[in-house]
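Worksheet: one structure, shown below.
The values are calculated or read from the model by the stated rules, or taken from the named source; none is laboratory data. Quick caveat: nothing in here was measured; it's all calculated off a predicted structure. Because the Cβ atoms are built from the backbone with ideal geometry, glycine has one as well, and the counts that use them run over all protein chains shown. Calculation scope for accessible area: heavy atoms of the full protein, side chains included, ligands and nucleic acids excluded. Shrake-Rupley method; radii C 1.70, N 1.55, O 1.52, S 1.80 Å.
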Amino acid sequence: MNVPQTAADVLRDHVTLECESIDRLYLNVYVPHLQNIGGVVGYLHGCKGQRFASTAAVAPMTQAFLKSVDEFVARTGVDVVQFKKGERKDEVTQDYLARFRGTEGVLYVGKAQEKARVMRTERRRNPRTGGTYPWIVSSTAMVNHLYFYCVDEDFGPLFLKFCSYFPYNAKLCLNGNEYAKRQLHKRGIAFEALDNGVRTCANPAALQRLCDGLDAARIDRLLRKWLRRLPHPFSRQDRASGCRYAISILQAEFSLTQVLDRPLAGRVFFEDVIRENLDIGRPASVQLIFNRRVGKRTPGRFRTRVLTRVLTDGVTPSLHVDYKHSRIKQYHKEGQALRTETTINDTYDFALGRRLHNLTALRQVGFSANRRLLDVQTISHDCALGEEEPQRHQRSLEINGQRASALRFADPHIQALMQALLLFVLLTRGFSNRDLREQLCTLLGIDPSQLRPGRMTYDLRRLRLHGVIERIPHTHRYQLTEHGLKTAMFYSRVYNRVLRPGMSFLNPTDTQPSNALHRRFSAMNEAINTFCDQAKFAA
């Protein structure tokens with residue numbers, strides 16, 4: 001078995017199973033018309049028959065809800081867990097899962113005090129009459145929340161959390177990878193599980209179809225199913241009057257899992273990626289990965305973070321790329337798979353609504369971001385050129401009667417041009433004469449007025465005839481070819497990493513070697529001179 005040398009080798013030759021799946025979904029469950037003051041007032045007037053709207057009218061609803069929870073606990077015999085501050089709820093749940101023997105049911109009921117958005121009544125005074133009246137306001141408060149941790153036959157572990165205060169908003173949390181494993185098991189398809197994933201599968205195509213089948217309709221049915229089984233605040237009369245829960249997306253994770261044939265492949269991937277892509281969080285990169293235009297007013301931080309997590313078998317690195325309220329995390333999962341996952345915390349970052357029916361469009365954004373990140377990483381490591389290619393660019397050429405001068409290596413203008421092209425490979429729209437001219441002037445340290453558009457047109461034609469760029473059909477914009485990308489990377493890397501640093505160590509005016517590398521160059525030079533002198537003497 002060959003040993004991978006680059007990230008491109010790993011992705012091309014060492015992936016044994018690949019699966020795209022919705023990972024963790026954290027959903028808002030709420031009654032739409034009770035999220036604003038006008039809707040609450042209408043509810044209190046119309047459904048509760050109040051002349052003056054006051055949340056005092058919903059106090060019996062709260063008491064009835066809490067009583068129904070107590071009755072449910074007594075009837076089913078499930079435990080009630082009071083979460084302590086800072087306690088990890090997942091660890092508690094794992095203990096209950098280990099003891100659970102059924103296919104479906106409630107594991108336990110948890111209680112915790114958390115901050116929530118609520119509707120309150122405050123008393124106001126009429127400045128003319130001096131009389132007081134109730135007034136509904138939106139506020140926040142630390143109130144009790146009730147967690148119902150459940151196991152679903154189709155979805156696996158999940159929880160539904162209710163706020164015990166009006167308007168009784170809730171949260172639903174589920175996992176798409178657990179859904180896929182449950183579906184494989186029900187269909188009798190053999191597989192080997194990863195933690196939150198699949199390592200091997202007898203039918204990979206069926207696995208991917210099952211992951212693709214997790215849609216908004218199935219999630220909505222899941223919620224309705226558990227609302228029928230669990231106690232919740234709204235009675236049948238409330239639901240008949242329109243108080244029905246809807247779902248919106250609070251947080252969505254979209255994962256791409258690529259199982260590797262051996263741990264070495266994962267270590268090679270991260271060593272190369274971290275070394276070459278520490279700046280992948282810059283705005284231009286983020287613009288490509290998330291397919292969104294980044295301007296001066298785009299909020300958020302654009303950065304790359306490399307984190308390490310100490311495990312019993314060493315250090316596992318992870319790469320994090322931030323964009324607005326969203327991020328991509330890439331890590332070596334359990335030493336067996338490359339996991340790339342995009343987490344979207346605000347759908348408005350991508351001009352999409354939050355309602356659940358936008359899940360199809362949102363998953364396209366998430367999966368595309370994962371793929372673009374891998375594309376950037378793959379291309380940046382696969383820039384090898386044959387010996388003839390660099391030599392061909394050192395000579396002028398003529399194609400169909402059009403002459404193009406050489407792209408001479410180490411020429412300051414050409415080097416700046418190649419570096420500017422690398423910036424624009426990250427722009428999905430391509431680039432125009434003006435776009436490239438502005439970046440080139442910045443790299444050359446001159447004012448854009450000193451570089452005429454005609455000179456830039458000359459450079460664009462030269463690059464096009466050399467096969468470095470191509471015109472986007474029916475536009476005045478250009479994009480790099482695959483050959484052009486490799487050429488630009490070759491020019492920039494060799495010049496910046498080999499030639500320029502190497503020349504700094506060979507400064508003839510430096511009589512005192514200042515570092516170990518310089519001393520070795522000097523020793524090598526003396527050895528060559530000695531060898532030449534001995535050869536002359538022997539002759």
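Computed quantities for the displayed model
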read-out: Long-range HN-HN contacts of ALA193 with modeled amide H, under 5 Å; value: ARG199
read-out: Accessible-area ranking of LYS48, LYS181, LYS186, largest first, probe 1.4 Å; value: LYS186, LYS48, LYS181
read-out: Rg [Å, one decimal], Dmax [Å, integer] - the stretch 99-210, C-alpha atoms; value: 22.9, 79
read-out: The stretch 165-280 - convex hull of alpha carbons, volume per residue in Å³; value: 174
read-out: Spin-label model distance (nm) - ILE472 vs ASP13, 7 Å beyond Cα toward Cβ; value: 3.5
read-out: Pair ALA112, GLN394: separation of 7 Å Cα→Cβ label points (nm); value: 6.5
read-out: Hz values of 3J(HN,Hα) by residue in the stretch 91-103 - Karplus curve (6.51, -1.76, 1.60), Gly and Pro given as x; value: 5, 4, 5, 4, 4, 5, 4, 4, 9, 6, 10, x, 9
read-out: Euclidean distance between Cα centres, the stretch 121-168 to the stretch 433-486, Å; value: 58
read-out: Per-pair calculated FRET efficiency, R0 = 30 Å: ALA74 and HIS45 via Cβ, rounded to 0.05; value: 0.25
read-out: Integer Hz, Karplus 6.51/-1.76/1.60 couplings in order for the stretch 464-472, x for Gly and Pro; value: 5, 5, 7, x, 7, 10, 9, 7, 6
read-out: Protein accessible area in the stretch 50-177, 1.4 Å probe - carbon and sulfur %; value: 48
read-out: Estimated FRET transfer efficiency (ASN529, ASP447; beta-carbon r; R0 41 Å; 0.05); value: 0.30
read-out: Using θ = phi - 60° and Karplus 6.51 cos²θ - 1.76 cosθ + 1.60, couplings along the stretch 474-491 (whole Hz; Gly, Pro as x); value: 6, 9, 9, 10, 10, 9, 5, 7, 4, 5, x, 4, 5, 5, 4, 5, 4, 4
read-out: Candidate lysines - alpha carbon under 29 Å from LYS89, same-chain residues fewer than 8 apart omitted; value: LYS67, LYS111, LYS115, LYS161, LYS171, LYS181, LYS186, LYS225, LYS324, LYS329, LYS333
read-out: ALA141-TYR458 pseudo-label distance in nm [points 7 Å out on the Cα-to-Cβ vector]; value: 7.5
read-out: Nearest-0.05 FRET efficiency for GLU334 and GLN82, computed from C-beta distance (R0 25 Å); value: 0.15
read-out: Packing-based order for 118-129, 27-38, using average beta carbon neighbours within 10 Å, highest first; value: 27-38, 118-129
read-out: Distance-filtered residues of the stretch 189-205 - backbone nitrogen under 11 Å, label point 7 angstrom along ASP90 Cα→Cβ; value: 196
read-out: More than 17 angstrom apart: percent of Cα pairs within the stretch 73-126; value: 55
read-out: Packing-based order for 7-14, 226-233, using average beta carbon neighbours within 10 Å, highest first; value: 7-14, 226-233
read-out: Rg/Rh ratio calculated on Cα atoms of the stretch 1-86 (Kirkwood radius); value: 1.36
read-out: Highest average packing first - 237-245, 343-351, 444-452, Cβ atoms within 10 Å; value: 343-351, 237-245, 444-452
read-out: Other-chain or far-sequence residues with amide H under 5 Å of ARG24's (modelled H); value: GLY176, GLU253
